[in-house]
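Notes follow the structure.
The values are calculated or read from the model by the stated rules, or taken from the named source; none is laboratory data. The structure presented is a predicted model; accordingly, all values stated were derived computationally and were not measured. Ideal geometry is used to build each Cβ from the backbone, glycine not excepted, and the neighbour counts take in all protein chains shown. For accessibility, only protein heavy atoms count, side chains too; no ligands or nucleic acids. Shrake-Rupley method; radii C 1.70, N 1.55, O 1.52, S 1.80 Å.
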Amino acid sequence: MKIQSLCYVFCFFLISGMVAHATPYDYSFTTECLENPINPQYDGGIVVNPELKDGLSGWVSFGNAKLEVRKSETGNDFIVAYQRNQSFDSASQEFFMDQEKLYTFSAWVQVNPDQDDGTVVATFKTATGFFYDAGSTKAKSGCWSMLKGGLTVNESGPAQLYFQSENPSVDIWVDSVSLQPFTKEEWESHRYQSIEKVRKSKVKIQAVDGEDKPLANKNITIVQKFARFPFGCAINNNILNNQAYKNWFTSRFKYTTFENELKWYTNERVQNQEDYSSADALLQFAKSNGISVRGHNVFWDDPKFQPSWVPNLGPRELAAAATKRINSVMRRFSGRVIAWDVVNENMHFNFFESKLGATASSKFYETASVLDRSAALFLNDYNTIENPRGGPASPDDYLRKIGEIRAGGYRGPLSIGLEGHFSEVNIPFMRSAIDKVASSRLPIWITELDIQSGPNQAGLLEQVLREAHAHPAVNGIVVWSAWSPNGCFRMCLTDNNFRNLPTGDVVDRIIREFFGAEVMATTDGDGFVETSLIHGDYEVKFSDSDGNLSEKDAESSGLSQGFKVEPLGSSEDVLNIKIHG
């Protein structure tokens with residue numbers, strides 16, 4: 001049996017054996033605040049004395065902090081940085097950092113008793129004065145919180161790890177510290193292993209003749225017709241009257257989000273004068289081309305992006321207008337979209353909460369769940385996977401927001417939208433951030449992916465796309481590149497003649513590899529071909545030795561040669577398919 005497929009970089013790992021020998025990546029994360037920290041990931045990696053069992057060995061003061069090792073009542077050793085005067089005064093350890101490696105970082109932190117909770121950031125300072133934030137968490141008093149993150153550096157050399165807290169009056173407690181380096185080949189092997197486990201299933205195909213006898217040494221071509229993993233791109237009303245745009249888009253994507261056409265400020269520019277004409281036209285275009293649509297958005301919590309007449313409303317009038325809006329847009333498009341961003345960016349902003357009360361979002365989600373029972377209901381915000389320093393939508397804050405919405409009374413389904421507007425790309429942090437929000441066990445999509453313009457925009461886009469697709473918790477990706485003759489929001493995929501830019505070539509390469517793959521194979525003596533295939537819909541055709549379809553193709557037998565590849569019970573299970581030639 002021979003198999004030839006578009007395996008790209010993954011073939012290297014299979015041939016080299018890298019998959020079998022790479023240190024496995026630890027996707028685990030817990031939001032629990034524990035009496036004692038869990039043992040360090042990777043046994044601490046390259047950290048000296050990660051559990052402080054050897055006193056201060058390996059650890060020094062950063063800034064002017066005083067250090068000591070203490071022991072809890074349960075016998076756990078940990079380091080304390082106290083008498084801090086600056087945000088960066090803390091415990092520190094120096095490492096040699098290799099610019100060719102990717103580092104995953106974790107630690108357990110706590111603040112001293114009787115202190116308010118505070119965000120603690122793990123930072124690395126190089127000898128040449130560059131600073132790299134690896135991750136953050138909200139440290140509590142009385143229990144240990146897990147900080148998880150990662151980083152790469154732009155130059156090799158020594159770097160000092162230290163911890164920051166904006167409040168210098170708190171003591172920072174640290175334990176179970178881990179810094180694990182991975183080569184680029186190891187990192188790619190993690191992606192390969194994840195794809196094989198969560199995106200693919202093993203398939204055993206047998207070719208037989210009309211009498212069910214095996215067809216030995218028969219050339220077949222397995223063509224993916226539809227990918228189960230949603231991968232799409234934003235559009236806007238410029239596509240409606242541009243055939244070149246239509247051709248380019250429909251030949252690639254089966255999922256989309258409208259850039260502005262479903263937003264409140266577009267649909268009701270003047271109070272009580274609704275206009276859904278652009279959204280209706282785009283929905284008809286999508287439906288006629290078999291394209292699924294994410295509804296973006298019902299509300300936007302940013303005060304700058306309300307209809308011009310909304311900010312002047314009093315609480316009672318705003319409540320009435322909001323009720324009218326959610327009923328209007330969701331009743332009109334119920335069952336016609338696969339998802340709704342119900343309250344957009346309501347970690348960064350709180351327009352509705354400030355006017356209608358802290359439970360405003362919870363009430364919107366409750367209403368939405370009644371108005372469209374078939375669509376997924378998303379939170380959607382930015383800088384969760386983009387920014388390791390923390391902020392209003394850090395992974396920890398995202399998880400807290402989910403808790404707030406639940407506490408506000410909403411118990412229905414929720415999904416997580418991670419926008420992915422990258423100014424800088426930190427792949428190890430991105431992976432760890434997804435690990436953290438995945439601890440919620442809610443569906444996750446990357447909803448608005450783009451990369452800031454720069455000399456390596458296309459290369460960074462490819463890194464982010466591969467990382468997102470390979471992560472076991474990610475359920476879909478939408479690229480934020482709706483075309484306009486005056487330019488895209490931040491990243492275009494084509495020029496104005498719809499010739500691919502380097503970013504478009506990256507997207508096409510990803511599509512060929514994961515969302516439209518072809519596998520050419522030759523059956524063995526018993527008519528069998530064994531392979532693993534990306535989940536989706538497939539068609540099998542018989543071909544000659546050059547891969548060209550023979551005259552007697554799959555349809556000539558009169559029997560269906562299509563089949564579906566779906567997740568199986570375990571990675572060891574095999575889907576058995578019989579085809580007739």
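Brief remarks follow.
- Taken along the Cα-to-beta-carbon direction at a fixed 7 Å, the label points for GLN284 and ASN238 span 2.3 nm.
- About the centre of its Cα atoms, segment 65-153 shows a dipole size close to 40 debye [charges on the beta carbon of Lys, Arg (+1) and Asp, Glu (-1) only; nearest 20 debye].
- Violating pairs (Cα-Cα greater than 26 angstrom) within the set LYS197/LYS254; LYS53/LYS148; LYS53/LYS436: LYS53/LYS436
- Summarised in one figure, the compactness ratio Rg/Rh of segment 52-123, Cα atoms and Kirkwood Rh, is 0.98.
- Anisotropy class of segment 164-281 from Cα gyration tensor, a/c 1.5 cut: oblate
- Taking all protein chains into account, the per residue accessible area for segment 381-504 stands at 34 Å² (1.4 Å probe).
- Which of GLN243, VAL529, ALA322, positive extreme of dipole for the chain (C-beta unit charges): ALA322
- With both residues required to sit in the chain, DSSP beta bridges show an antiparallel share near 70%.
- Assigned charges on the beta-carbon of Lys, Arg, Asp, Glu; the chain dipole about Cα centre (debye): 1460 debye
- Calculated FRET value between ASP508 and LYS197, using beta carbons and R₀ = 35 Å, to 0.05: 0.85
- Each 5 Å bin, from zero up to the one with the longest distance, holds this percent of the alpha carbon pairs of segment 306-376: 3, 15, 27, 25, 18, 9, 2.
- Once the Cβ-Cβ distance of ASN475 and SER354 is raised to the sixth power relative to R0 = 35 Å, the FRET efficiency obtained is 0.65.
- Computed over segment 260-327, the P(r) tail beyond 19 angstrom holds 35 percent of alpha carbon pairs.
- Segment 257-397: C-alpha gyration tensor shape, a/c 1.5 cut-off, then a/b vs b/c: oblate
- Applying the Karplus relation 6.51 cos²θ - 1.76 cosθ + 1.60 with θ = phi - 60° to segment 81-91 yields 3J(HN,Hα) values of 9, 9, 6, 7, 10, 10, 4, 8, 5, 5, 7 Hz, where x marks Gly and Pro.
- Stretching the chain fully between LEU575 and LYS71 yields a gain of 176.0 nm (0.36 nm per residue, less the alpha carbon separation).
- In a DSSP loop and with at most 13 other Cβ atoms within 10 Å, the trypsin sites (Lys or Arg not before Pro) in segment 396-458 are ARG411, ARG441.
- Take the Cβ atoms of ASP212 and THR250, set R0 to 51 Å, and the FRET efficiency comes out at 0.80.
- The Stokes-Einstein estimate for segment 51-170, based on a Kirkwood radius over Cα pairs and taken at 10 °C with 1.306 mPa s viscosity, is a diffusion coefficient of 107 µm²/s.
- Taking all pairs of distinct alpha-carbon atoms in segment 145-216, Kirkwood radius in angstrom: 18.5 Å
- Cα-projected label distance for ASP43 with GLN452, points at 7 Å along beta-carbon direction, nm: 4.0 nm
- The chain, Rg to Rh (Cα coordinates; Rh as Kirkwood inverse mean 1/r): 1.01
- Cα-Cα over 24 Å, subset of LYS204/LYS225; LYS101/LYS200; LYS225/LYS287: LYS101/LYS200
- Note that segment 345-356 has calculated 3J(HN,Hα) couplings of 6, 8, 9, 6, 9, 8, 4, 6, 5, 5, 9, 10 Hz, one per residue in order, obtained from phi through the Karplus relation 6.51 cos²θ - 1.76 cosθ + 1.60 (θ = phi - 60°); glycine and proline are x.
- 5 angstrom amide H check on SER532, placed H, neighbours 5+ away: VAL203
- Label-to-label distance for CYS143 and ARG331 is 4.5 nm, based on points extended 7 Å past Cα in the beta-carbon direction.
- The distance separating the Cα centre of segment 196-233 from that of segment 57-94 comes to 58 Å.
- Here segment 147-179 is scanned for amide nitrogen atoms under 18 Å from the site 7 Å beyond the Cα of SER87 along Cα-to-Cβ, giving 161-173.
- Our helix-only sum for the chain, with -39,500 (n - 2.57) per DSSP H run of n ≥ 4 divided by its residues, gives a mean residue ellipticity at 222 nm of -7000 deg cm²/dmol.
- For segment 405-544: rounded, prolate or oblate by the Cα gyration tensor [a/c cutoff 1.5]: oblate
- Nonlocal amide H pairs with LYS578, under 5 Å, H built at 1.01 Å: GLN206
- Protection proxy ranking of 361-367, 529-535 - average other beta-carbon atoms within 10 Å, highest first: 361-367, 529-535
- Less than 5 angstrom separates the built amide H of ILE172 from those of ALA81, all sequence-distant by 5 or more or on a different chain.
- Carbon/sulfur fraction of accessible area - the chain, other protein chains in place, 1.4 Å, %: 47 percent
- Stretchable slack from PHE131 to VAL270, in nm (0.36 nm times residue separation minus alpha-carbon distance): 45.2 nm
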